[in-house]
Amino acid sequence: MTIMSCRPPTNSTYLVIGQDLFSISEYVTSQYNYSLHQHMNSTGNGTANVVDEGVQSISSFVPSAFMVYTDLETLKGLWEPTDYGSGVEYADGALDLFPSSPPNNNQNNPHGNNARSSSTGIQIGLWLSGARGCTSIAMGEMDGKIELLVAYLERTRASKIFLRLGYEFDNPSFGYSEDPAMYILAFRKIVADCRRKLSEEARGRVLFVWHSWAAPMAESLTLDSFYPGDEFVDWIGVSIFQQVFPWSPYWGGKMEDVERVLDFAQERDKPTIIAESTPFGGIELKEASDDTKAFLANNEYDHDDWDRWFGKVLDVIDRYDVSMWCYINCDWESQPMWHNIGFGETRLSSNPNVMSQWHERIIKNKNERRFLASGSLETCGTPGTMHLGETNNEANGKGAFGLPSFFSFILVPFVVASGAFFVPYFILGGHKTKRGQSSDKERKPLLSNMDE
């Protein structure tokens with residue numbers, strides 16, 4: 001089966017909200033609450049008939065997908081809830097928040113006879129534990145966990161799944177930079193295993209995302225150092241936190257870092273995703289560093305809470321026709337993992353101006369770009385309906401890890417018979433690397449570990 005890219009039409013962008021269960025729920029309910037007050041105010045007396053066509057249901061504010069996190073070692077946060085200290089992660093729970101489809105009693109329903117299918121997708125950040133974890137994956141030590149991941153991808157009710165493997169791989173504090181070749185091997189193995197073991201129906205719902213943090217990398221490394229290859233990458237992602245600010249420090253990244261990743265994607269005709277984004281320092285910059293405050297005090301700058309960050313991100317989306325935007329709607333300070341790190345308050349509902357602008361530009365789409373909500377991912381990438389610009393990621397006669405099918409055929413019995421070390425590691429040149437092993441790292445961007 002050909003795997004489609006799910007690229008939306010030109011000037012259209014899938015909207016995704018994360019990154020914990022409460023923040024997702026707060027986003028939808030606060031948007032609904034805002035719309036009801038806007039409608040009542042428009043009637044002049046606050047007593048509008050609830051069946052009036054101007055009143056939208058809460059389902060109108062559910063985004064195209066929800067954003068969640070897990071790690072390959074435990075896979076917590078998918079079919080059962082967990083809390084890494086950053087709020088409850090629970091993919092199935094997110095899909096249950098605003099059910100959009102009735103139970104499906106079709107005997108051919110791949111999700112179970114009485115399961116509810118969902119019009120909403122999920123975007124999963126899968127932590128791979130740096131070079132150490134990637135080595136375990138490449139050597140087959142995590143095959144059981146990959147089997148469980150495949151089982152979840154097979155049964156999830158999500159309309160589409162965007163799987164970010166080893167997200168922000170080029171963040172030096174995450175450990176993948178110690179051995180980029182091993183990261184490539186792990187990425188390829190997970191993709192190859194999933195595509196081989198998933199049913200045809202499920203393969204059509206899973207897309208694999210290669211996600212850069214768009215900030216300085218370790219010395220001598222480039223994006224090519226980490227790239228698994230076009231056959232294994234469906235979408236290319238980027239993070240945007242403070243790079244759009246003129247006061248962003250070098251280690252926090254600059255706009256040229258973001259542009260470098262998006263240009264890399266355009267050169268390969270890959271759909272792009274802003275995979276993680278939020279205004280670092282908070283919407284109102286209440287958690288801004290002393291250096292940031294000094295910059296604002298000594299420089300002429302637009303202090304509008306919308307234009308300062310959101311407006312600039314929208315400019316990037318328009319300039320590169322970004323296919324998916326994932327916004328983190330979160331009170332970071334209330335979460336133990338992020339308290340006093342500097343992210344601040346980024347819930348849209350915390351700022352009236354931002355809430356109003358969001359409603360007009362993103363919800364009502366009062367501009368040339370359309371932001372797509374729940375239901376928009378249901379039929380994307382359906383075989384036979386490839387749209388202009390979509391790419392074909394079929395293996396083109398190649399087997400696992402991008403090797404010719406002949407080598408894949410002889411490789412497995414060779415390993416079984418000899419008990420030899422993981423052969424693809426040598427074939428692909430991984431044995432030539434001299435980098436050491438990484439230790440466990442928390443899921444925090446480098447910027448959270450730096451002192452201003």
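The values are calculated or read from the model by the stated rules, or taken from the named source; none is laboratory data. Because the structure is a prediction, the values reported are computed rather than measured. Ideal geometry is used to build each Cβ from the backbone, glycine not excepted, and the neighbour counts take in all protein chains shown. Note: accessible area is taken over every heavy atom of the protein model, side chains too, but ligands, DNA and RNA are not part of it. Shrake-Rupley method; radii C 1.70, N 1.55, O 1.52, S 1.80 Å.
Counting only aspartates and glutamates at least 8 places from residue 189 when in the same chain, those with an alpha carbon closer than 13 Å to its own are 141, 143, 147, 231. I want to check the label-to-label distance for residue 293 and residue 79. Put each point 7 Å from Cα in the C-beta direction and report it in nm to one decimal. Between residue 293 and residue 79, the simple spin-label model gives 5.0 nm. Full extension of the chain between residue 12 and residue 319 gives 109.3 nm of extra length, using 0.36 nm per residue less the Cα-Cα distance. Straight Cα distances below 13 angstrom link residue 145 to the aspartates and glutamates 71, 73, 193, with same-chain residues fewer than 8 positions distant left out.
Using the heavy atoms of the protein chains and a 1.4 angstrom probe, tell me the accessible area per residue for the range 214-320 in square angstrom.
Per-residue value: 39 Å².
Given a Förster distance of 60 angstrom, what is the FRET efficiency for residue 155 paired with residue 307, based on the Cβ-Cβ distance and rounded to 0.05? Once rounded, the FRET efficiency stands at 0.85.
Efficiency by 1/(1 + (r/R0)^6): what FRET value for residue 267 and residue 42, r their Cβ-Cβ distance, R0 = 41 Å, to the nearest 0.05?
Efficiency computed from Cβ-Cβ geometry: 0.30.
Among the listed pairs 160/197; 254/364; 254/312, those whose Cα-Cα separation exceeds 21 Å are 254/364. Between residue 224 and residue 97, the contour length at 0.36 nm per residue exceeds the Cα-Cα span by 41.8 nm.
For the range 133-157 versus the range 69-100, the inter-centroid distance based on Cα atoms is 17 Å. Within the assembled protein chains, the solvent-accessible surface assigned to residue 197 is about 70 Å², based on a 1.4 Å probe.
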